[in-house]
Each structure stands twice: as structure tokens, then as C-alpha cells.
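Asker: Below are the C-alpha cells for one structure; questions will follow.
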Amino acid sequence: MVVNRNHNSEILPAQQDGHGASGTIRHIYVHIPFCARICPYCAFYKELLDRSQTPRFCEAILRELELHAREQLASASSQTGAGDRPQPVTIYFGGGTPTALTTAQLDYLLTGFRRALDLSQLDEWTMEANPGSVSPKKAALLHQLGITRISLGVQSWDDDLLKLLGREHNAEQAKQSFEIFRRARFTNINVDLMFGLPGQSIDQWRETLKRTIALEPEHISTYCLTYEEDTEFFLRHARGEFRQDSDSDAEFLDAAMSMLEAASYEHYEISNYARPGFRSAHNRAYWSGADYLGIGPSAFSTIGLVRRQNVSNFREYSDAVLSGKSATGSIEHLTAIMKRAEKIALGLRTDTGVPERMLDSFETETREFVRLGLLQKADDRFVLTRAGKSVADSVAADLI
């Protein structure tokens, strides 16, 4: 089975332990749930855009950020070299559709982040964008206020498939949006693509890859469609209207690896390819398994062995934060064994793999995967082979 996309519940870590010298969280995820249209395959928390609610929501986002900033600085105040503001290394605005906010609202939010944080150590600031909500003015503002990386949700260059996915844009609009960001002087753009779609042929997928390569983005993400609960696609799959074929999904993945590697993209994680020097710093931190701070409704935070999730309702979230209450909806206490299992599962997705010592308890299983050609030894680490990447979930399940 090809591993699917999962960004909203990502563990967004930091350096070795998730903290910098001052003890502050170094990686921040911000969830903006609003969408102009609800895609029938998406299981992340999202809501139809309500212009009457977004100003209050933006105020709540900044209030939560300021609250965490005060807490972190208080805990770091006794340490030598602690500054007056937190110093993140990466920030990631995801959704939903962050660019569904107006230019004025994005200005308000980003200016607030710049005021609350010390960005002198910032390495990467990503903004997810939908081609249907991009304008030259908005792109120019994002660049001006410090966004360094754009993740553009193209998904496909086939208009019929875009309609099936419920996207609000067509292929031409996606191309124009990419060019708008280029004209706004963005030099680090990721293009999101999906495969394994109902009715999608391998030729359609190869054409999508070809057209994406021609645009010369710095980064390309390719995600296999999965049928998630609480989505329209899940119900249609349950009714037998849609079918998932693991062999076909593996063929799509193999085509992506062949074409993108031939175009000089490094396949550094199962779903991600980058030009040299453009691997996502934020996601690489996530895959290494350190701490992170999540802001916004449904966002997760992991600090040490405690994982919290904010309430998955933007109205309840705003009410809580603006009244000075916690927006936490649930708390999970992790164990060292659970953290180790996550590091193995996430590490296997990457081209660096996992240290040999982490698999000492699975010597029999590891040896069998090597024999089957799914794992290989690289110095003192185990990494998935090309064949192993197509069954990454199954391999990980046997090693955790």
C-alpha cells in the first residue's frame, strides 16, 4: 500500500529535541480551516468560508500565538541567552486554504506573527495556496511579509479529474497561479499532485508529471488518494462506486519515481521530491520526531511526551481563546515506546531511513525484509528499497 498524505496531524518537530537554546518551540504549524469549496476527498478539518467570521478567527489565532509565546518565554526566563521573543526555525500555514483569507486578513495575521516572534533564525515559512484564491496583490504581500515557500494545491492538470475532485480551479488557472507566484519573486514553490484517482489512467498521470516538470518547481509532492472516513469519497467507495487498486497505485508511484528522478529531483521521502537544496525544512523536522507547536482549530502540539489537540470547531476555538480559556480539546500522554514506533514509521519514509539499533528487537523481520528486497543496509541504517516504498505501511507495521 502506498502511504497517504497527512499534514494536519503532523508532529512538527525541531532540531534534535525540538527546542532551541532558549527552550522555545522551534517549529510552528498554523491551521486555517476555511475553504471556498469542500473537496469530497478531504478528511482534514475544514469549513466553508464565512466572511463574517474570519476577522474574529484571525484575532483568535494571534491571541493563541501570544499566549504560547508568553508561556514559553516564562519557562525559558531562567536560561542564559533567552530572548524577549520565541525564535522559530520553521512556520507552516496549512488548511483548509490559508489563501482563502483576504489580502487584508493575511496582512493582519502575518504582521502579527512578525510582531510576536523573533524571525532572525527562521529558515522556512510555508503558505499553502489554492489556485482559485491567488492574485498578484496577494502573492506580492506574502513575499513582502516574509513567506519563503509556497505549496500550491494543483492536484492534477486534467480538468475532468479536477472536477471529480471538487476543485474550484481548472488547469489553466493553476498554471496562471504558479506564474503569479514566480512573478512575485518566489524561488521555492512546491506543487501538490494526487494519483490513484477514480478513473485516472497511467497516461494521464504521466502527462500531469510531465507538465509539472516543465514548470520547474523546486519541490513536488505526490500523494496517493485514500478513502478517509467522514468524506463523500469514502461513502462512494463503500457503495462500490470507487475502487482502490494497490497494484495500480504502485504503478503510479513507480512512474513518479522514474520521471521525477530523471528530471533531477531527489526522492527524499515517499511522497516528496526536491531539487538539491530545496528539501522541506519543516517536514524534515516533522519526520525526525521532535516537538512542535500547533495553533488554530484541530491543530496538534507535541511537547515531550504530551500531545494536545485543539477543538475541531473554529467558533468554539475562537470563543475559548478570546475569553482567555484553553482551546485544547484532547490530551494524549505518550510513552517512550510510542515515540520510538513513530520515529521508525516516519524515518522509514525518508531516504535516511532508521538507525540499525532502533530495529534490534526486530532482527528476524528486518532480515526477512532484506531478503525480500524491501529493505537495504546503508552504513549503520536501514532504508527502504525502491520496491519497499510501495509497501511502506506494511513494512513499518511489522517493525513497530
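The values are calculated or read from the model by the stated rules, or taken from the named source; none is laboratory data. Please read these numbers as outputs of a predicted model, since none were measured by experiment. Here the Cβ is made from the backbone with ideal geometry for all residues, glycine too, and neighbour counts use every protein chain on show.
Asker: Any residue in segment 38-60 that's more than 19 Å from residue 310 (Cβ to Cβ): show its pairings with residues that are part of a loop (DSSP other than H, G, I, E, B) and among the aliphatic types (A, V, I, L, M) at Cβ separation under 8 Å, as long as the two are six or more apart or on different chains.
Answerer: Filtered contacts from segment 38-60: 39/165; 40/165; 41/165; 41/225; 48/36; 48/38; 49/36.
Asker: Can you tell me how many residues within segment 367-395 are part of a helix (DSSP H, G or I) and either charged (D, E, K, R) or in contact (Cβ under 8 Å) with a residue 24 or more places away in the chain (or both)?
Answerer: Selection size over segment 367-395: 10.
Asker: Of the conditions (1) outside any helix (DSSP H, G or I); (2) assigned by TED's automatic domain parsing to the domain that holds residue 220; (3) surrounded by 15 or more Cβ atoms within 10 Å (Cβ to Cβ); (4) of a type outside the set (Gly, Ala, Ser), residue 276 clears all except one; give me its number.
Answerer: So residue 276 meets the others, but not (3).
Asker: Residue by residue through segment 336-369, note down the ones that are closer than 22 Å to residue 285 by Cβ, in contact with a helix residue (DSSP H, G or I) (Cβ under 7 Å, 6 or more places away or on another chain) and among the hydrophobic types (A, V, I, L, M, F, W, C).
Answerer: 344, 345, 346, 348, 354, 358
Asker: Spot the failing condition for residue 321; the list is (1) surrounded by 14 or more Cβ atoms within 10 Å (Cβ to Cβ); (2) over 22 Å from the mean Cα position of the chain (by Cα); (3) at pLDDT 95 or above; (4) over 29 Å from residue 96 (Cα atoms), and only one is missed.
Answerer: If we test residue 321 against (1) surrounded by 14 or more Cβ atoms within 10 Å (Cβ to Cβ); (2) over 22 Å from the mean Cα position of the chain (by Cα); (3) at pLDDT 95 or above; (4) over 29 Å from residue 96 (Cα atoms), just (4) comes out false.
Asker: Which count do you get for residues in segment 195-226 that are touching a residue at least 60 places away in the same chain (Cβ under 8 Å), closer than 16 Å to residue 248 by Cα and not polar (S, T, N, Q)?
Answerer: 5
Asker: Follow-up. Hey, could you check segment 256-267 for residues that are free of Cβ contacts under 8 Å to residues at least 60 places away in the same chain and touching a strand residue (DSSP E or B) at 6+ places or on another chain (Cβ under 9 Å) and say which is farthest from residue 217 (Cα to Cα)?
Answerer: 261
Asker: Let me confirm something: among 359, 346, which residue is in contact with a Ser or Thr (Cβ under 6 Å, 6 or more places away or on another chain) and outside any loop (DSSP other than H, G, I, E, B)?
Answerer: Exactly one residue qualifies, and that residue is 359.
Asker: Could I ask something else about it? Whether any residue in segment 325-332 is surrounded by fewer than 18 Cβ atoms within 10 Å (Cβ to Cβ), hydroxyl-bearing (Ser, Thr, Tyr) and either in the same structural domain as residue 64 (by TED's automatic domain parsing) or under 19 Å from residue 269 (Cα atoms) (or both) is what I want to check.
Answerer: Taking every residue of segment 325-332 in turn, none turns out to be surrounded by fewer than 18 Cβ atoms within 10 Å (Cβ to Cβ), hydroxyl-bearing (Ser, Thr, Tyr) and either in the same structural domain as residue 64 (by TED's automatic domain parsing) or under 19 Å from residue 269 (Cα atoms) (or both).
Asker: Could you grab me the full set of residues in segment 61-73 that are touching a helix residue (DSSP H, G or I) at 6+ places or on another chain (Cβ under 6 Å) and either crowded, with 21+ Cβ neighbours inside 10 Å or free of Cβ contacts under 8 Å to residues at least 60 places away in the same chain (or both)?
Answerer: Result: 62, 64, 65, 66, 69.
Asker: So which residues in segment 185-225 are over 24 Å from residue 349 (Cα atoms) and surrounded by 20 or more Cβ atoms within 10 Å (Cβ to Cβ)?
Answerer: The answer is 186, 200.
Asker: Let me ask something else. Please go through segment 215-248 and pick out each residue that is under 15 Å from residue 273 (Cα atoms) and in a helix (DSSP H, G or I).
Answerer: Within segment 215-248, 215 is the sole residue that qualifies.
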